[in-house]
1. Give the residue from 402, 319, 338 lying farthest towards the positive end of the charge dipole for region 286-433; charges sit on Cβ (+1 for Lys and Arg, -1 for Asp and Glu) and the dipole is referred to the Cα centre.
2. Do you know the relative contact order of region 300-433, to the nearest whole percent, from alpha carbon pairs under 8 angstrom that are 6+ apart?
3. Using modelled amide H (1.01 Å from N, peptide plane; none on Pro or chain starts), what sits under 5 Å from the amide H of residue 384, excluding residues fewer than 5 places away?
4. Are there GluC sites (Glu not before Pro) in region 240-295 that DSSP marks as loop and that have at most 13 other Cβ atoms within 10 Å, and which are they?
5. Test of understanding: ordering 234, 89 by Cβ neighbours within 10 Å, fewest first, what list do you get?
6. As an exercise, find the ratio Rg/Rh for the chain from alpha-carbon atoms, using the Kirkwood inverse-distance average for Rh.
7. How large is the helix-only mean residue ellipticity at 222 nm for the chain, computed as the sum of -39500 (n - 2.57) over DSSP H runs with n ≥ 4, divided by its residue count, in deg cm²/dmol to the nearest 500?
8. Of all beta bridges DSSP finds with both residues in the chain, what is the antiparallel percent, to the nearest 5?
Amino acid sequence: MKRFSIATRVLSMAALTIMGAGLAGCGGGADGGSAESATTAKGPIKIWYSNNEFEVKWGKAMVASWNSAHPDQKIDAQEIPAGKSSEEVIGAAITAGNAPCLVFNTAPVAVPQFQKQGGLVPLDSFPDGAQYIKDRTGDLADQYKSADGKMYQLPWKSNPVVLFYNKDLFKKAGLDAENPKLNTQAEFLDTARTLVKSGAAAHAVWPSPASDFFQSWFDFYPFYAANSGGAPLVKDGKATFDSDQGKQVATMFQTLYKENLASKEVYQGDSFAEGKAAMSLAGPWAIAAYKNKVNWGAVPVPAAQAQTEGSTFSDAKNVAMYSACENQGTAWEVMKFATSKEQDGKLLADSGQMPMRKDLPAAYADYFAKNPLYKQFAEQAGHTVEVPNVSNSVEVWQTFRTAYAKSVIFGNESVDAAFKASAEKINQLAAQK
């Protein structure tokens, strides 16, 4: 399984700016006048799913199963049309009024903008909507509520980020490859130094130093989640990272760059798969991606203090219903069918991604017994942190990334000054409607 291209999972700043142009006056969901009739209407619907080959396989089988049992409410399904990003395509469809009923590839970071466009249906509109989500996902679902308290996305699947390491390179550096010293950030730094000093690897770790807003999800954010007990970047409308826990993570990465343990250059390819870096932050998709390429191990992302159940970034994709949908009654039933225990099990088997269900290891105990490499991801899936559901979400992350790159990666400003200034700006952005 090839790595899910970040470009296909997330969107550009420009794309969201274009989406939002001229739409400031739009409401937050389906219009109230026709909401009641729309939510009960039954009939054919259209859906989009990801163009990832494993999700396409699952999607086609799910659609065939539904259609065979519901000949009068058939699903017309296709992969998300090509574009710079799936989110740009979805945003354009909302603007044109021809979005499908459901998209099984909705990025949480895009939901605030889609909601602002009036493009989403609150799932609380359905009598059993809120209860279904709570019963399936548990308390983790609370992270996906919008500012108005409603749910415009159904938490679907996650790729909990952990720390992969190359066992062969660890052995070459004289390190214990079966029980690596990676329990704390201090151990992580010491191990990184040993890897590079020994000549086992050119760099200990090689997160992308690029300025794209989403890059912080794969360096700072997992470590911050672990270090802060699961704090999101923004909570209750206020930035949280300008704290001892946040600055500790920033200082650790600053050290990595200062000591050339991490590169300031963008790597064209996969530095971990190609043996240029000894460690990498990745999700369960990496199991198939690195098969027969890397003799790997994986551990939870370390915090300042060793812990038994640390948090990490979820790297989730969700399902949303779009307000152009006429037969929302059918769309809701399809949404429940596609996220049933049976279908979630098939998604897990086909893609290796973690359905966002309560007590996942127990729910699919047979699968994890047969596929033990995935079990730690199932256990980690219950301790994940999402992108905060706040206004101007992408601009919030871009503001943070710019400050992080300037201070941590390139050392052109102190962490204290950069984090303080960016936190103040983010507080303003999150307060805007």
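Bear in mind that the values in this text are calculations on the coordinates, not laboratory data. Everything numeric in this text was worked out from a predicted model, so none of it was measured. Virtual Cβ from ideal backbone geometry, glycine too; neighbours counted across all protein chains shown.
1. Most positive-ward Cα: 402.
2. Working: 92 pairs, mean separation 31.0, N = 134.
Across region 300-433, relative contact order equals 23 percent.
3. The list, which skips near neighbours in sequence, is 312.
4. Values: sites: 259, 265, 274; in loops: 259, 265, 274.
Sparse-neighbourhood loop GluC sites (Glu not before Pro): 265, 274.
5. Working: 234 24, 89 20.
With the fewest neighbours first, 234, 89 line up as 89, 234.
6. Details: Rg = 21.5 Å, Rh = 22.2 Å.
Rg/Rh for the chain comes to 0.97.
7. Details: 19 runs with 178 residues, N = 433.
The helix contribution divided over the chain gives -12000 deg cm²/dmol.
8. On the way: 19 of 32 bridges.
Antiparallel bridges make up about 60 percent of those DSSP assigns within the chain.
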